[in-house]
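**Student:** Got a structure here, written out as structure tokens. Questions coming.
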């Protein structure tokens, strides 16, 4: 079981390149992956997305790869045609306003021309696929640390979830043990009321009929069976499913229906207290399940 929250940062020197990889994630219903790369590595973005998706099923994941080269492979080129067009346009504006609007005797600053879009462009003669060989060791180390962090937190979540599930199992067992006692409790209540009204002239057949009617109306046997089945399914998901988050949320909804029904049918204080305990434990499971992958 893994948590959806995790963090890892790795930084290494690969040849002339300083490479850092940062991965962090928080809860999300689905996998929402955001990848930040230097522009010259855009061709390998899909490769990186695929590698992450193979390891992570759910969560909002932010992955950033940063590269700093000590020996630059950058190439700067100038578009002279664009530069002249900008110069002519700027000069016509200057002439209409008066040359004294510029410092230095009215000359047009070179920086004003070179700063225009498209005049100077920076390119890197780098094969992104080959460059991946430099990045991959750092990426793999960061991903391993990230997965370990999620697994560590996931183990803590699992331990807490199993404790809450033990409480639910105890509540379900109590309901099952109480069910056979309901008939006797109903009989005592009805007999006591009849005796208050009729004294020793109580009709036992009438008492039995009233008890039978109450048993039909308030029996919780079916709800107990379904609840126990849901709890077994929940435990199986925690033990066997590596990414049980969605299934746990669904099973919790089903178990909640059964506990609510038991509570609505309940006529006894003892059962009512256990219903409260069960709802509290189940709510804790539902909240924690939102953190599970």
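**Student:** Can you spot a residue in segment 137-153 that is at pLDDT below 85 and in contact with a helix residue (DSSP H, G or I) (Cβ under 9 Å, 6 or more places away or on another chain)?
**Tutor:** No, segment 137-153 contains no residue that is at pLDDT below 85 and in contact with a helix residue (DSSP H, G or I) (Cβ under 9 Å, 6 or more places away or on another chain).
**Student:** Among the listed residues 44, 19, 65, 23, identify the single one that is modelled with pLDDT of 85 or more and either closer than 30 Å to residue 159 by Cβ or loosely packed, with under 15 Cβ neighbours inside 10 Å (or both).
**Tutor:** Exactly one residue qualifies, and that residue is 23.
Residues are listed down the side, and each one gets a yes or a no for (1) out of contact with any helix residue (DSSP H, G or I) (no Cβ under 7 Å at 6 or more places or on another chain); (2) surrounded by 14 or more Cβ atoms within 10 Å (Cβ to Cβ); (3) at pLDDT below 95:
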site: 1; (1), (2), (3): no, yes, yes
site: 15; (1), (2), (3): no, no, yes
site: 27; (1), (2), (3): yes, yes, yes
site: 39; (1), (2), (3): yes, no, yes
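The values are calculated or read from the model by the stated rules, or taken from the named source; none is laboratory data. Please read all numbers here as calculations on a predicted model, not as lab measurements. All Cβ positions, even for glycine, are placed from backbone atoms using ideal geometry, and neighbour counts span all protein chains on display.
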